[in-house]
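The values are calculated or read from the model by the stated rules, or taken from the named source; none is laboratory data. Just so you know, these numbers come straight off a predicted model, no measurement behind them. Every residue, glycine among them, receives a Cβ derived from its backbone with ideal geometry; neighbour counts consider all protein chains shown.
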Amino acid sequence: MVHHKDEQTLVIIKPDGVQRSLVGEIIKRIERVGLKLVGLKMSVPSEDMIEKLYTLNPEWRRMTGEKVIEGYKSKSLKPPSEDPLELTDIILRNLKKYMTSGPVIFMVWKGAHAVSLVRKIVGGTEPLTSDVGTIRGDFVLDSYQMSDTDGRAVRNLVHASGSVEEASDEIKHWFKKDELINYRLVQEQILYDVDLDGILE
């Protein structure tokens, strides 16, 4: 069994995060909780790579479309379509335009509960309804309603893997094995050592 401390997650700082000079702030918030940065690169991704990222899970199109329809109905609004796949085609087209509009930062973070901790730090997908204290809640004013009106993807600064399995697939999509660095941080002794021995000399 893999120890919790070896869990990894993918984080992408999207073009709006880079353009707003929030790279350092985003890294600081994730680093502060105790996770370790083990992979980092910057590039302008192709539309093909973005489409593959979002469709690594073959159920993504259906599930995302159904969530959008449900979201509209929960706010007593009429969805643009009742067909989940039709809606996801629009979402994917907008995502590809958004994610290829400029450079992005790809990161792999490692540590106990990496996936769920990063999701908590980043906040909900929609900035408007994200909690204060989260990256999206503190730094973005966008909403689904505004992005739908404008016919674009919601600008929410960051992509973060949704599960351990998803993280594994996404990391393999963007990083070769030799691009991830295995090293030790001094703070890991405090975070993971069972007896905390070795502090006093």
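For the reader, a short list of remarks on this structure follows.
- Against the test of being surrounded by 14 or more Cβ atoms within 10 Å (Cβ to Cβ), hydroxyl-bearing (S, T, Y) and either closer than 17 Å to L22 by Cα or outside the structural domain of T9 (by TED's automatic domain parsing) (or both), the options S81, S76, S161 yield a single qualifying residue, S81.
- G65 being in a helix (DSSP H, G or I), among the small types (G, A, S) and not assigned by TED's automatic domain parsing to the domain that holds R152: yes
- The residue that is nearest to Q145 (Cα to Cα), counting only those in the range 52-89 that are hydrophobic (A, V, I, L, M, F, W, C) and touching a Gly at 6+ places or on another chain (Cβ under 8 Å), is L87.
- Failed item, numbered, when K28 is tested on (1) in the same structural domain as Y144 (by TED's automatic domain parsing); (2) surrounded by 14 or more Cβ atoms within 10 Å (Cβ to Cβ); (3) of a type in the set (D, E, K, R): (2)
- Residue count for the range 124-162, restricted to those that are touching a strand residue (DSSP E or B) at 6+ places or on another chain (Cβ under 9 Å) and free of Cβ contacts under 8 Å to residues at least 60 places away in the same chain: 1
- Any hit, the range 105-117, residues being buried (at least 16 other Cβ atoms within 10 Å of the Cβ), over 15 Å from the mean Cα position of the chain (by Cα) and of a type outside the set (S, T, N, Q): yes
- Flag if I135 is among the β-branched types (V, I, T), touching a Gly at 6+ places or on another chain (Cβ under 7 Å) and not assigned by TED's automatic domain parsing to the domain that holds R62: yes
- Any helices (runs of 4 or more DSSP H) falling wholly within the range 77-159 and containing at least 1 residues that are more than 30 Å from H3 (Cβ to Cβ): 84-99, 135-139, 144-150
- Any hit, the range 4-27, residues being in contact with a Ser or Thr (Cβ under 7 Å, 6 or more places away or on another chain), within 27 Å of N182 (Cβ to Cβ) and not aromatic (F, W, Y): yes
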